[in-house]
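Since the structure comes first, as structure tokens, the remarks are kept for the end.
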Amino acid sequence: MPVDDAFSRADLARLYDALNPAGADSEFYLRLATQPCSIVDVGCGTGLLTLLYAQGGHDVTGVEPAEGMLAMARQNDVTALVHWLAATGADFISDNRFDLAVMTGHVFQVFLNDAATLAVLKNIRSHLKPGGRLAFDSRNPLARAFDGWTAEKTLRHIELGGSGTVCVHHQLLAVDGEQVTFETVFDFIDAGRLETSRSTLRFPSQDTIAALLAQAGFDGIDWIGYWDGSAFAPESREIIVVAHKAR
Ligand SMILES: C[S@@+](CC[C@H](N)C(=O)[O-])C[C@H]1O[C@@H](n2cnc3c(N)ncnc32)[C@H](O)[C@@H]1O
């Protein structure tokens, strides 16, 4: 499964942190690790959260298949705190067994069908210690976030040394059942250059996620709907999951 240009290309990946700074979601994931522990961050991107975990004294592995994102992550890790693996969620291999696995920033939605999702969930579970947890987020399909993915509603202007002003927006292209296709348009104003990256994401329901986690062998699930940790409700924008591996 190829990764999107927005993540594989160095010139687009270097814009990611300016577009997606740490927020309430990062705070939520940091609160999951109160004691020093071993953590794997699957689809870690530029490693923003990965590095915060490592700086907090945890033993951290970052897994990322996209060259552009992983290059940014390695560059940001100036004191080499993290074990970085160039791999997908389904094929990463580590001798380490983890207390906590995370997939943040809607990585879960890049897996477009049950088989692809199960391969990732099973691989992650096999890398957890007994008593370990997997936490991730997926946008609630009932909240239809994609209806707002228009140029008008998503346009952002960022200033980045070396790239000048870049205007970025999302444009919804198609909704086909659970699968939503959109493009991200990067307008490098100073260079007079326009780049687009096309993406498809899956929007599985809570029931689908529950069935997949059960098939992958997870034992119990906490369903959270908001970054303050409160319970999932049908109108929640996010489906935030903490799944447990009993043994
Ligand atoms: C929206 S970014 C989220 C990055 C980061 N977790 C965050 O919270 O900012 C989605 C990430 O998933 C990665 N990705 C794509 N396909 C993947 C796969 N098969 N396995 C693991 N990660 C994947 C992308 O390369 C990208 O870095």
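Please treat every number below as a calculation from the coordinates, not as lab data. Since we're looking at a predicted model, the values are computed, not measured. Note that we place each Cβ from the backbone using ideal geometry, even for glycine, and neighbour counts take in every protein chain shown.
Miscellaneous remarks
- Amide hydrogen proximity for residue 139: with H placed 1.01 Å from N in the peptide plane, the residues at 5 or more positions away or on another chain lying under 5 Å are 239.
- Here the peptides 174-180, 81-87 are ranked by packing, the mean other Cβ count within 10 Å, and the order with the highest first is 81-87, 174-180.
- A helix-only calculation puts the chain at -6500 deg cm²/dmol for mean residue ellipticity at 222 nm, using -39500 (n - 2.57) for each DSSP H run of at least four residues, averaged over all residues.
- Local charge for residue 141 was computed over the other residues whose Cβ lies under 15 Å away, with Lys and Arg +1 and Asp and Glu -1, and equals -3.
- Ranked by how many other beta carbons lie within 10 Å on average, peptides 127-135, 192-200 from highest: 127-135, 192-200
- Between the listed residues 146, 162, 194, the Cα displaced farthest toward the positive end of the dipole of the stretch 143-202, a dipole computed from Cβ unit charges relative to the Cα centre, is found at 146.
- Net charge of neighbours whose Cβ lies under 15 Å from the Cβ of residue 170, counting Lys and Arg as +1 and Asp and Glu as -1: -2
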